[in-house]
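Below is one structure; the comments refer to it alone.
Taken together, the values in this text are just the output of simple stated rules run on the coordinates, not laboratory data. Since the structure is predicted, the reported quantities are computational estimates derived from the model, not experimental observations. All Cβ positions, glycine included, derive from the backbone under ideal geometry; neighbour counts span all protein chains shown.
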Amino acid sequence: MQKTVSFHTLGCRLNLSETGQIADQFIQKGYKIVPFGEQSDVTYLNTCTVTDGADSSCRNLIRKAHKKSPEGKIIVAGCYAQMESEKLSQMQGIDLILGTNEKYKALDYLEQEEKEQVYIDNTTEFWGAQTTTSDSHTRAFLKIQDGCNYICSFCIIPHARGRSRTISIEEAVKKTQSLVNDGFKEVVLTGVNIGEFESTSGQRLINLIKEISAVKGLERLRLSSVEPNTIDEELLITLKKSGIYQDHFHIPLQSGSPDILKSMRRKYTIDYYVKTIGLVKSYFPDASIGADIIAGYPGESELDFEQTYKVLKELPITHFHVFPYSKRQKTTASRMDNHIPNIVKKERVKTLISLGEDKLLEFTKQNVGKEHSVLFEREKEGHFEGYTSNYLKFKLRSDQDLANKIVKVKATMVDGKFLTGELL
C-alpha cells in the first residue's frame, strides 16, 4: 500500500518554499500527499518561532496530528525545532526533531533502523528551496537567501537560521526556468534578508533580478520582504525596467518611534524610512506597500506608540502585519526592563490592526474604475479569486476556467475585502 504524508507550514513564505522542496522529496520516494488533518503515515510540521503564538500553534498542531494518526510518525522541523528541541522532546508522539538544515534530510532519518530523536545543526550551508507543483500554488516561491547577519534586539531568526547565505545567480536562473516549465507564471523571490544578497554572495542583487526577468515564459516577478536600508534607486530602476515586476513591496517598519527603533538596533531612522517609501512610490505610484509592526516592545511608552500610529496613518502603507512583542530567548530585548503588560500589548495590536483595515479598504476603493492584470488562483464559492499586480484581492464570476491564468479586468466595485468587476 502506498505510504501517505501530510504537511503543515507555519510562518513565512520562505518556509512555504522549503516545504514545497521537501514535499517533492517525499513524492519522489513514492509517498502520496494527503491534506493535513487526515490520517497519514507521516506528518511533517515546518515550524516558526518568531512569536509566542507561533510556538503555541506548533504545539497544538502536534497534539492534533498525534490524535488523528497515533500510529503515524510525526516530524517537527525548522526554526522552533532548532530553538526548542529539548522542550519538544518531552512531548508525546514526536518521532523526529530536525533543525533548520536537517529538515531536508527527513527521509534519510526515517529510513535509519536505529535513530535518535533530535538532529540540530549549526546552519552553515545554503539549502535551496522552491515551490513545487505538489503545493497547489499558482505563485511560486523561490528561496534566494537564508539567515541574517543583523542583530536586531528582538529577533531570534539569526539564532534559528544562522548567518546569511545565498544561492548563486546561475542556480537561481536555472530554478526559475524550471518553475516556468512547470507552469508557474509568477515567481516570488524569498529569503530572511534578501537585501543582503550582494554583501553575502559578492554578486549583485540587481544582476540576479535582470537575469531572472529574462527567463523565457516568466510573466510576473515579486520580491518578498526587503529591509528599507537595502532599497536604493538603482534597485527600483532595475525592477521598473524588468517589465514584469509587480507593483507591490513589503518593507518592514517595526516602530515609528525613533527611540524604539534605536533600541531595536534597526539600521535606519524614521526619516530614512519615510524617504524610502517616497522613492518607491515615485517609481511605482500605484504600488501597495506592506509593513511589519511590533506593538508593545519593552519600554514603549504611550508617546512611542502614538508616534508609530501617526507614521502609519500618514504613510501610504496598505498592508499591515502587526505582532505583539514576544520575549524570545537569547535576544537582547528579552533581558530588558520595562516589559509591557499583555493587556496593553493586545490593545495596541488591536488599534493598529483596525487602522490597517481602514487603510487597506481605502486603497481598495481607490482602485475601483481602474484596469488591472489579475493572476487567478482558484475557484471558491462560485467565484475565481486572485491578486492584482498591486496585491489586491480580486474575485470574478466566469464560465471560463480562469485558474492559473493572467487576465485583464476592470474593477467596478468593492465586495467585502475583494475588488470585483468584469473581464476586458
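Suppose only helical runs count, i.e. DSSP H with n ≥ 4. What mean residue ellipticity at 222 nm does that imply for the chain under -39500 (n - 2.57) per run, divided by all residues and rounded to the nearest 500 deg cm²/dmol?
Estimated from H runs of four or more residues: -10500 deg cm²/dmol.
Under a no-solvent Debye model with one identical scatterer per Cα of the chain, what's log10 I(q)/I(0) at q = 0.05, 0.11, 0.13 Å⁻¹?
-0.17, -0.91, -1.29
Taking a Cβ-Cβ separation under 4.7 Å as the criterion for a possible partner, which cysteines of the chain have none?
CYS12, CYS48, CYS58, CYS79, CYS148
I need the shape label for segment 243-316. Rule: rounded when a/c is under 1.5, else prolate if a/b > b/c, else oblate, with a, b, c from the alpha carbon gyration tensor.
Because a/c hits 1.5 or more and a/b exceeds b/c, segment 243-316 counts as prolate.
Taking segment 219-270, which trypsin sites (Lys or Arg not before Pro) meet the DSSP loop condition and have no more than 15 other C-beta atoms within 10 Å?
Loop-located and lightly packed - ARG265, LYS267.
Evaluate the distance, in nm, between pseudo-label points positioned 7 Å from the Cα of LYS327 and of ILE353 along their respective Cα→Cβ axes.
Spacing of the two 7 Å Cα→Cβ label points: 2.3 nm.
Quick one: which residues, 5 or more positions from VAL118 or on another chain, have an amide H under 5 Å from its amide H? H modelled 1.01 Å from N in the peptide plane, none for Pro or chain starts.
For VAL118, whose amide H was placed from the backbone, the distant partners under 5 Å are ILE97.
Under 18 Å from a label point 7 Å along Cα→Cβ of MET336: give me every residue in segment 274-312 with its amide N that close.
292-309
List, in order, the whole-Hz ³J(HN,Hα) value for each residue of segment 328-345 obtained from phi through the Karplus relation with A = 6.51, B = -1.76, C = 1.60 and θ = phi - 60°; use x for Gly and Pro.
10, 4, 6, 9, 4, 4, 5, 9, 7, 8, 6, 5, 7, x, 4, 4, 6, 4
Can you tell me how segment 4-119 classifies by the Cα gyration tensor, rounded, prolate or oblate, using a/c under 1.5 as the rounded cut?
Taking the square roots of the gyration eigenvalues as a ≥ b ≥ c, segment 4-119 is rounded.
To the nearest 0.05, what FRET efficiency results for SER89 and VAL344 with a Förster distance of 45 Å applied to their C-beta separation?
FRET efficiency, SER89 to VAL344: 0.85.
Using DSSP to define loop residues, name the GluC sites (Glu not before Pro) in segment 1-92 whose beta-carbon has at most 15 other beta-carbon atoms within 10 Å.
GLU71
Just check segment 118-273 against the gyration tensor rule for me: Cα atoms, a ≥ b ≥ c as the square roots of the eigenvalues, rounded for a/c under 1.5, and otherwise prolate or oblate depending on whether a/b exceeds b/c.
Oblate shape, in that a/c is at least 1.5 and b/c is the bigger or equal ratio.
Indicate, rounded to the nearest 5 percent, the antiparallel portion of the DSSP beta bridges found entirely in the chain.
Of those bridges, close to 35 percent are antiparallel.
Roughly what % of DSSP beta bridges within segment 124-246 run antiparallel, to the nearest 5?
Restricted to segment 124-246, the bridges split so that about 25 percent are antiparallel.
Which far-off residues, 5 or more places away or on another chain, put their amide H under 5 Å from the one on ALA295, with H placed in the peptide plane?
PHE323, TYR325
Nearest 0.05, what FRET efficiency do GLU233 and GLU211 give at R0 = 22 Å with Cβ-Cβ as r?
0.60
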